[in-house]
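Each remark here refers to the structure printed beneath this line.
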Amino acid sequence: MNSYEEQYYRVFEVPFRDTYIHLKASLDTGRRRYSFTKLDFGDGPIFFTNAEKGDMPFIVSDFNLHSFFPVVSKEIADKLLPLNINGFQLFPAVLIGDYEEWHEDFFFFNAYENLDCIDFERSEILDYSPDDSRHEVITYKFKNEVLDAIPQENRLIIRPHKVAGGGLLIHESIVNKINKYVKDSEFKFFKLSDYKLGDKYK
């Protein structure tokens, strides 16, 4: 039996990091329903600005997060562009600095489809009720039969259905490809088999 919890990761910002950038979608980008819709490349890139302009310096890295969605450099995107992942697209993004300078050649992890793949009966859930529309997951257990039915190359990035607070689950093969571009002082990957709700604050 596959232990899928050993194969997938969540990524979070490191608390109390030295540098921090809080990306905010532009008004026009928000109108495109960019976080849960398959985007049209013909409409051009999406745009992000510094939500903490004036308070925190605008310092971009190869790997950034907007909420739980990675926004990555072309160097990272080039490692992933050949992949064919269900319900996912690497979409062009522009990061606009504090002085209106454009940082192009970035890509947004647009996971626009949810996958009903978490076994909430076997997972540890905060105040679990099967009637809840979303569940606060403390520890994760997959529905193995769901992942068994999908070729691995098509499920390397998963947006799980009915998980409170959202979050992307990233396969170890992708983590291994991009980890050298991710600063340990800024972000941390947690293997699902080791992860427990609240670990991101430690």
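For this structure, a couple of remarks:
- PHE68 vs. criteria of a type in the set (Phe, Trp, Tyr) and either under 9 Å from ILE21 (Cα atoms) or buried (at least 18 other Cβ atoms within 10 Å of the Cβ) (or both): no
- Among residues of the range 146-170 that are under 21 Å from GLU136 (Cβ atoms), those with a Cβ under 6 angstrom from a residue that is buried (at least 18 other Cβ atoms within 10 Å of the Cβ) and among the hydroxyl-bearing types (Ser, Thr, Tyr), sequence gap 6+ or separate chain, pair up as LEU169/TYR8; ILE170/TYR9.
- Residue count for the range 12-51, restricted to those that are at pLDDT 95 or above, closer than 17 Å to PHE88 by Cα and either in contact with a Leu (Cβ under 6 Å, 6 or more places away or on another chain) or surrounded by 15 or more Cβ atoms within 10 Å (Cβ to Cβ) (or both): 5
- For the range 87-113, the set of residues classified as under 30 Å from SER3 (Cα atoms) and in contact with a Pro (Cβ under 7 Å, 6 or more places away or on another chain) consists of PHE109 only.
- For PRO57, the requirement of being on the phi < 0 side of the Ramachandran plot, part of a loop (DSSP other than H, G, I, E, B) and not β-branched (Val, Ile, Thr) is met.
- ARG33 on the phi > 0 side of the Ramachandran plot, within 17 Å of the chain's Cα centre (by Cα) and basic (Lys, Arg): yes
- Residue within the range 15-35 that is closer than 21 Å to ARG155 by Cα, in contact (Cβ under 8 Å) with a residue 60 or more places away in the chain and either touching a helix residue (DSSP H, G or I) at 6+ places or on another chain (Cβ under 9 Å) or of a type in the set (Lys, Arg) (or both) present: no
- Residue list for the range 174-192, restricted to those being surrounded by 13 or more Cβ atoms within 10 Å (Cβ to Cβ) and more than 19 Å from HIS66 (Cα to Cα): LYS177, LYS191, LEU192
The values are calculated or read from the model by the stated rules, or taken from the named source; none is laboratory data. All values reported here derive from a predicted model rather than from experimental measurement. Cβ: placed from backbone, ideal geometry, glycine included. Neighbour counts: every protein chain shown.
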